[in-house]
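Trainee: Sending over a structure as structure tokens; questions will come in a sec.
The values are calculated or read from the model by the stated rules, or taken from the named source; none is laboratory data. Note that the coordinates shown come from a computational prediction; the quantities given were computed from them, not determined experimentally. Glycine gets a Cβ as well: all are built from the backbone with ideal geometry, and neighbour counts include every protein chain shown. With ligands, DNA and RNA removed, areas are computed over all heavy atoms of the protein, side chains included. Shrake-Rupley method; radii C 1.70, N 1.55, O 1.52, S 1.80 Å.
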Amino acid sequence: MTLTECVADLKEEFLLTEKVLSAFTGEGLAQQVVPGGKSAAELAWHIVQAIPMISAHVGVSVDQSGVKV
């Protein structure tokens, strides 16, 4: 896979993930995936935090200057 293909795949996955996370309601965000496990909100935050860490491990920097939380 080329870097260009990887970036294209990441963009597509970002859009799909954003769509899924945007569909959660306040009640849905509190729902645990498995009893005693993390809530949907905790899993969403894990994804947000993991992207720059994973990227750094493969030598790709992620510009987060435009990210709004």
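Trainee: Just checking, how many residues over segment 6-46 are aliphatic (A, V, I, L, M), modelled with pLDDT under 85 and not in a helix (DSSP H, G or I)?
Mentor: Summing the residues that are aliphatic (A, V, I, L, M), modelled with pLDDT under 85 and not in a helix (DSSP H, G or I) in segment 6-46 gives 1.
Trainee: Right, another one. Using the structure shown, decide if residue 33 is surrounded by 10 or more Cβ atoms within 10 Å (Cβ to Cβ) and farther than 24 Å from residue 61 by Cα.
Mentor: So residue 33 fits the description; yes.
Trainee: Out of the residues in segment 47-64 meeting the condition of being more than 15 Å from the chain's Cα centre (by Cα) and open to solvent by 100 Å² or more (accessible area, probe 1.4 Å), tell me which one is modelled with the lowest pLDDT.
Mentor: 61
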